[in-house]
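To start, I am sharing the structure in question, which I have written as structure tokens.
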Amino acid sequence: MGRTTRSGPVGVILSVDPDRFAQVVEAARRVGLTVTGEQPILGSLSGTIAEDRIPVLAAVDGVESVDRERIVRLPPPDAPLQ
């Protein structure tokens, strides 16, 4: 695999401190997260960020974990087998 100078955005799911949800969301946005979903009661947040920014995002105060979003795409039912 070749290395690129800039990594594309990847989907991430964050577990954050629910007591400081709004502040953590704001801090995550400042380091480059584009927020796509917020679940304040659960302390969960989803969004996209450049892959090389994930370590910076994980270091934000109040972020407990950063997981890659796993997107599973199934072929249509009538598609031939690979």
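The values are calculated or read from the model by the stated rules, or taken from the named source; none is laboratory data. Note that this is a predicted model, so its numbers are computed, not measured. Don't worry about glycine lacking a Cβ; one is built from the backbone with ideal geometry, like all the others, and counts go over all protein chains shown. The protein model used for the area step is the full one, side chains on, heavy atoms only, and it has no ligands, DNA or RNA in it. Shrake-Rupley method; radii C 1.70, N 1.55, O 1.52, S 1.80 Å.
So residue 38 fits all but one of (1) of a type in the set (Asp, Glu); (2) touching a Pro at 6+ places or on another chain (Cβ under 9 Å); (3) open to solvent by 80 Å² or more (accessible area, probe 1.4 Å); what number is the exception?
So residue 38 meets the others, but not (2).
Now a separate question. Pairs only if they're at least six apart or on different chains, beta carbon under 6 angstrom, first in the stretch 21-32 and over 15 Å from residue 48 (Cα atoms), second outside any loop (DSSP other than H, G, I, E, B) and among the aliphatic types (A, V, I, L, M); list them, first residue then second.
What qualifies is 24/16.
Working only within the stretch 41-52, note down all residues that are open to solvent by 80 Å² or more (accessible area, probe 1.4 Å) and in contact with a Ser or Thr (Cβ under 8 Å, 6 or more places away or on another chain).
If the condition is that a residue be open to solvent by 80 Å² or more (accessible area, probe 1.4 Å) and in contact with a Ser or Thr (Cβ under 8 Å, 6 or more places away or on another chain), then 52 is the only one that fits.
Can you tell me which residue in the stretch 57-79 is modelled with the highest pLDDT, limited to those that are open to solvent by less than 60 Å² (accessible area, probe 1.4 Å) and out of contact with any helix residue (DSSP H, G or I) (no Cβ under 8 Å at 6 or more places or on another chain)?
The selected residue is 58.
Right, next: Taking the stretch 36-82 as the region of interest, how many residues are among the hydrophobic types (A, V, I, L, M, F, W, C), in contact (Cβ under 8 Å) with a residue 12 or more places away in the chain and in contact with a strand residue (DSSP E or B) (Cβ under 9 Å, 6 or more places away or on another chain)?
Looking only at that region, the number is 11.
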